[in-house]
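The values are calculated or read from the model by the stated rules, or taken from the named source; none is laboratory data. In this text, all values refer to a predicted model and were calculated from it rather than measured experimentally. All Cβ positions, even for glycine, are placed from backbone atoms using ideal geometry, and neighbour counts span all protein chains on display. Accessible surface is based on the protein model in full, side chains and every heavy atom, while ligands, DNA and RNA are left aside. Shrake-Rupley method; radii C 1.70, N 1.55, O 1.52, S 1.80 Å.
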Amino acid sequence: MGSDAMLLSRLLTITVLLVLMFASAASAHAVLQSSTPSHGLVLTASPDSLALDFNEAIDPRISTVVLVRDTTRIPLQPASGEGRKVVYKVPSLDNGLYIVDWRVISAIDGHLTRGSFAFGVGSVTVPIGAAISSAAPAWSDVIARWLGLVGVLLLTGGIVAFLWLPVPGAARDELRARLYQVATLASVMIVVAGIYRLVGDATAIAGTTSLFGALGEPLLRVLSVSHDGHDLIFRVVAAIFLLVQLKPGRPVERDGLLAILGVLLLGPVLTTHGLTAGAVGTLVSLAHIVSASVWVGGLAFFGALYLPVIHRVAPDTVRQAAVRFSRLALMTVVVLVATGLVQAYLFLGSVAALTGPVYGRTLLVKLIIIAPLLLTAAVNRWRVVPRLASVSRMWQPLMLLVRLETALAMTVVLVAAAVAISQPAKGSESTQGQPAGGTEESKLVMGGTIGDLNIAIAVSPAKQGANKIELTATTGSGKTPVPGEVRFILKLASVDSDLPPQTTSLDGADGTASGQGPFIGATGWWDIEVTVRRKGVEDVSLTLPLRIGEPKGGKTNDPQALELLTRAQQQVAGARAWQELEHYSSGDGYAITRQYVFVPPDRFSYRTSLGAEGRVMGTKSYFREKDTKWSLTEKPEPVEVRFRFPLATDIIGARLGAKTELNGRQVQAVTYSDPGGTLHFVVWIELATGYPARLFMDGEAHHMVTNIFGYNEKVTISPP
């Protein structure tokens with residue numbers, strides 16, 4: 001292998017040895033996964049601690065968590081924990097709404113992430129909107145990273161191109177002087193960008209927007225501990241040594257320059273996503289950065305400095321230099337494309353993510369700009385360079401196209417700077433406030449019939465946090481309701497407390513829709529009201545039960561709740577008739593709706609959404625499937641008609657829930673369970689009459705809502 005051909009391999013080898021010791025396996029960016037207390041939770045007393053669980057290790061020394069109430073900020077100190085989960089001590093808190101403002105720096109890739117969520121103490125309303133987490137990077141941060149990257153590219157590419165290309169003796173001093181000027185400019189860019197990023201991290205963890213507030217201890221802490229601090233140290237030290245080596249009049253020490261370039265390139269690798277994917281991801285990121293530096297920085301040196309000088313001093317060298325640089329560029333482009341594909345596999349997750357998260361959309365923009373860049377490079381290599389020998393003036397189009405190629409490449413680097421500090425699409429889910437989907441095993445599917453529609457709603461992961469909602473509406477024959485636009489309006493309300501309801505609108509077509517659902521901020525009972533809006537058809541609504549976590553409050557019965565239930569039990573026991581509309585779901589997709597009419601002491605009738613119906617009168621029981629004849633069964637004892645669900649007897653854990661309005665009447669929710677703890681109930685009791693108006697029942701493979709109405713109306717149940 002010739003000395004020129006060994007240039008890139010030596011540079012890569014030197015940098016590999018430096019970088020490998022920093023590789024570790026983790027996800028990219030520290031994303032908050034869960035917290036205790038959780039977002040939206042209302043506590044009866046001040047918590048002793050606050051636990052934050054991230055998807056990767058954070059560094060508590062350069063991370064801050066502050067409780068904010070009105071204008072008061074309460075900094076929290078870590079009590080225990082390291083790595084992904086950190087516990088903070090919480091002083092005694094007065095009743096009120098508290099915002100948790102967290103700003104953390106990853107211990108893996110050194111990137112800063114921030115966010116906030118809310119919880120309450122005492123009687124307070126907490127908004128249940130999704131918790132806020134940093135997503136799209138600020139343009140100022142992108143520009144700062146771009147300047148730092150351009151500085152590295154100009155230094156690396158300029159030096160490698162200077163060592164790679166033929167340099168006639170008559171042009172050596174002038175090219176050396178120009179290279180030194182470029183290196184000086186690049187060093188200034190590196191220092192300015194590095195200090196800006198360092199101060200940005202320091203102001204974030206100091207909880208201030210003032211530059212002076214970040215000076216001193218916060219700045220020193222970030223410099224000594226964070227990846228941005230180490231990145232700045234490596235880049236500045238390398239830039240200083242490179243300037244010394246490149247000073248005109250000094251002999252060129254090729255191995256020394258390559259070794260220093262290896263140190264320079266270590267800085268950017270320390271703050272890339274590749275570090276978070278172990279040794280493979282680190283090496284891929286390293287190869288990507290080295291090849292980009294050589295190509296883009298080499299283009300800038302070749303088009304802006306080298307070609308004008310060489311054409312003036314030694315024009316016969318232009319074609320030879322163009323051929324040599326074209327070979328170098330081709331090698332680096334091949335490496336860039338290969339490593340880019342690997343990085344997309346590691347951090348994108350799927351092709352669909354290109355139009356989803358910020359990372360994917362930014363990467364898509366980068367790919368779009370790369371297309372004309374590669375086209376320009378192809379024209380240079382296969383159209384312009386071969387004609388340099390026969391057409392003397394072709395060096396001017398070559399220079400123009402190289403400069404155009406450089407401008408496009410610098411634009412790609414700008415977008416790449418945004419990609420580098422965006423949260424990767426793959427592995428970025430947060431159950432604390434980011435969209436989450438859940439697995440098939442954790443999906444809860446409920447449904448029922450309303451009007452002429454069968455409605456199914458799937459909630460996943462059906463846990464506290466962000467959930468995905470999938471809705472389907474079909475007619476009894478399985479067809480979509482009507483062609484054209486369908487809108488689903490979903491309203492989620494807490495049963496256990498007076499939290500404000502959330503409303504989510506999902507547009508669909510052909511009777512289906514899916515998307516990010518509401519953020520479920522606390523465990524307990526929730527009701528989901530689904531309204532289907534169709535063109536030319538009256539709105540229809542269905543309310544379904546959703547229980548998250550275990551019942552609260554223990555097994556003892558609250559006296560006020562028990563008093564309401566006792567009154568409801570007495571009212572139902574004295575009712576002359578009532579009706580029920582029941583929607584039952586198994587949780588895995590099966591759903592059926594039943595309509596009942598009850599007439600004590602021994603008569604009731606029912607009809608199901610599948611078409612079956614029955615009538616029971618004393619000892620006689622009539623039944624038929626859809627479109628079949630009636631059959632009669634005689635029983636030895638008459639049926640006893642009474643309310644089907646327990647109210648005041650054989651129950652545990654009765655608690656008052658939220659008051660609300662149902663069908664124009666004020667109702668009070670009461671939650672309770674059966675003694676075995678296998679079935680859990682919510683009953684809404686009309687405050688004016690004491691009658692139950694709606695009931696939820698939840699158990700294993702048993703999710704049911706029953707609307708109860710028509711008390712004491714005159715109805716007749718007769719043989720068919």
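When the stretch 647-682 is limited to residues that are touching a helix residue (DSSP H, G or I) at 6+ places or on another chain (Cβ under 9 Å) and of a type in the set (A, V, I, L, M, F, W, C), the one that is surrounded by the fewest Cβ atoms within 10 Å (Cβ to Cβ) turns out to be Leu656.
Let's see how each residue does on (1) of a type in the set (Phe, Trp, Tyr); (2) loosely packed, with under 14 Cβ neighbours inside 10 Å; (3) in contact with a Gly (Cβ under 6 Å, 6 or more places away or on another chain):
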| site | (1), (2), (3) |
| --- | --- |
| Gly169 | no, yes, no |
| Glu174 | no, no, no |
| Ala186 | no, no, yes |
| Val191 | no, no, no |
| Asp201 | no, no, no |
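Taken over the stretch 302-313, the criterion of being hydrophobic (A, V, I, L, M, F, W, C) and open to solvent by 10 Å² or more (accessible area, probe 1.4 Å) is satisfied by Ala304, Leu305, Val313. In the stretch 135-217, counting only helices (runs of 4 or more DSSP H) that sit wholly within it, the ones holding 1 or more residues that are modelled with pLDDT of 85 or more and among the small types (Gly, Ala, Ser) span 139-164, 169-206.
Can we say Glu640 is surrounded by 15 or more Cβ atoms within 10 Å (Cβ to Cβ), charged (D, E, K, R) and within 20 Å of Ser718 (Cβ to Cβ)?
On the way: surrounded by 15 or more Cβ atoms within 10 Å (Cβ to Cβ): no; charged (D, E, K, R): yes; within 20 Å of Ser718 (Cβ to Cβ): yes.
Here the answer is no, as Glu640 does not meet what is asked.
Among the residues of the stretch 366-411, just one is under 43 Å from the mean Cα position of the chain (by Cα), open to solvent by 40 Å² or more (accessible area, probe 1.4 Å) and polar (S, T, N, Q), namely Thr411.
Tell me the residue from Leu50, Leu41, Leu97, Leu93 that is under 24 Å from Gly524 (Cβ atoms) and at pLDDT below 75, please.
On the way: Leu50 fails: at pLDDT below 75; Leu97 fails: at pLDDT below 75; Leu93 fails: at pLDDT below 75.
Going through Leu50, Leu41, Leu97, Leu93 in turn, the sole match is Leu41.
Kindly check whether there is at least one residue in the stretch 546-567 that is surrounded by 14 or more Cβ atoms within 10 Å (Cβ to Cβ), touching a His at 6+ places or on another chain (Cβ under 9 Å) and part of a strand (DSSP E or B). The answer is yes; a qualifying residue exists.
Within the stretch 611-633, being closer than 29 Å to Gly447 by Cβ and open to solvent by less than 20 Å² (accessible area, probe 1.4 Å) holds for Gly611, Ala612, Gly614, Val616. With respect to Thr689, determine if the residue is open to solvent by less than 60 Å² (accessible area, probe 1.4 Å) and either within 26 Å of Ile717 (Cα to Cα) or in a loop (DSSP other than H, G, I, E, B) (or both). Spelling it out, Thr689 is indeed open to solvent by less than 60 Å² (accessible area, probe 1.4 Å) and either within 26 Å of Ile717 (Cα to Cα) or in a loop (DSSP other than H, G, I, E, B) (or both). Within the stretch 575-610, restricting attention to residues that are open to solvent by less than 10 Å² (accessible area, probe 1.4 Å) and either among the basic types (Lys, Arg) or assigned to a loop (DSSP other than H, G, I, E, B) (or both), the residue that is nearest to Glu713 (Cα to Cα) is Ala577.
Among all positions in the stretch 24-36, there is no residue which is over 17 Å from the mean Cα position of the chain (by Cα), at pLDDT 80 or above and not in a strand (DSSP E or B).
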